[in-house]
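Here is the structure we will look at.
Bear in mind these aren't lab numbers, they're just calculated from the coordinates by the rules spelled out. Predicted model, so just to flag it, every value in this text is computed and none were measured. Please note: Cβ atoms are built from the backbone with ideal geometry, for glycine as well, and neighbour counts cover all protein chains shown.
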Amino acid sequence: MYTLDKQFATRLGLVGLSPFVLLTLLCWIVHPDWMEFFIDAQLVYGIAILGFLGGLHWGLALIGKERDAREAKRDLLWGVLPAIIAWFGMSNMLLGFVIQVLAFIFSYQYDKRMYVRFNMPEWFVELRFRLTCVVVTTQVFTFLAANIRL
């Protein structure tokens, strides 16, 4: 049986964070005329990552053989809900960032309980927490840059 490689997963997690960090930094250093593009890119990337996180729920729901139908349906629903709600937030920057920050926080909280049900390694839950902290921080700092620099 394959054992999840902690070091490889951590590296991939950091690579996945790089657009969040880069877009936040760019919002603080580029000319204000260019910022709208980077702000929108940050929100769009957030939606993509929320969709990715939702895919984990679908995968785990599909392999969870000893679960009742209600739990599986709840996991499948949670797998799509954050990305769809975040997409609606694209109509307004403030709403978009508030929704995404809340979606990332709630997604981590939900995932943490799900990972326990599926006996995921403790280091994976810790990694997910750290990644979520960075994502939320970059979202907040991008929002601040948009409101201070625009």
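Count charges around Phe104 for me, please; just the other residues with Cβ under 14 Å from its Cβ, Lys/Arg as +1, Asp/Glu as -1. Before the final figure, lay out each step's value.
Working: positive: Lys112, Arg128, Arg130; negative: Asp111.
With Lys, Arg at +1 and Asp, Glu at -1, the net is +2.
Can you tell me the Rg and Dmax of the stretch 35-149, counting just the alpha carbons, in angstroms?
15.2, 52
With everything on Cα atoms, drop me the angle between helix 93-117 and the longest principal axis of the chain, reported from 0 to 90° to the nearest 10.
Computed tilt is about 20 degrees.
Kindly list the residues of the stretch 7-21 that lie in the label zone of Thr137, defined by a backbone N under 14 Å from the point 7 Å along the Cα-to-C-beta vector.
Answer for the stretch 7-21: 14, 17-18, 20-21.
So what's the stretch 1-103 giving for Cα Rg divided by 2.2 N^0.38 Å, two decimals? Don't skip to the end; give the middle numbers.
Details: Rg = 16.8 Å, N = 103, 2.2 N^0.38 = 12.8 Å.
Against the compact-globule rule of thumb, the ratio is 1.31.
For a quick check: sort Asp40, Asp75 by the number of other beta carbons within 10 angstrom, fewest at the front. Spell out each step's value before the answer.
Working: Asp40 14, Asp75 22.
Final ranking by Cβ density, sparse to dense: Asp40, Asp75.
Taking Cα atoms, how many degrees apart are the long axis of helix 69-88 and the longest axis of the chain, rounded to 10 and kept between 0 and 90?
10 degrees
Treating the angle as unsigned and between 0 and 90°, give the value, to the nearest 10°, between the Cα long axis of helix 6-29 and the longest Cα principal axis of the chain.
20 degrees
Do the sum for the chain: with -39,500 (n - 2.57) for every DSSP H run of n ≥ 4, divided by all residues, what is the mean residue ellipticity at 222 nm, to the nearest 500 deg cm²/dmol? Write down the numbers at each step before the final one.
Values: 5 runs with 126 residues, N = 150.
Mean residue ellipticity at 222 nm (helix-derived): -30000 deg cm²/dmol.
For the residue pair Leu14 and Val125, what label-to-label distance in nm results when each label sits 7 Å from Cα along the Cα-to-beta-carbon direction?
Output for this residue pair reads 2.4 nm.
Order of Met114, Met90 from fewest to most other C-beta atoms within 10 Å?
Details: Met114 19, Met90 16.
Ordered from fewest to most neighbouring Cβ atoms within 10 Å, Met114, Met90 come out as Met90, Met114.
What is the gain in length, in nm to one decimal, between His31 and Lys73 on full extension, counting 0.36 nm per residue of separation less the C-alpha to C-alpha distance? Walk me through the numbers on the way to the answer.
Working: separation 42, 0.36 × 42 = 15.12 nm, distance 4.65 nm.
Taking His31 through Lys73 to full extension adds about 10.5 nm, to one decimal.
Give a quick list of GluC sites (Glu not before Pro) in the stretch 7-72 that DSSP marks as loop, anything other than H, G, I, E or B, with at most 14 other Cβ atoms within 10 Å.
On the way: sites: Glu36, Glu66, Glu71; in loops: Glu66.
The qualifying sites are Glu66.
Just to be sure I understand the model, the point goes 7 Å from the Cα along the line to the Cβ. What's the resulting Asp40 to Gln7 distance in nm?
4.2 nm
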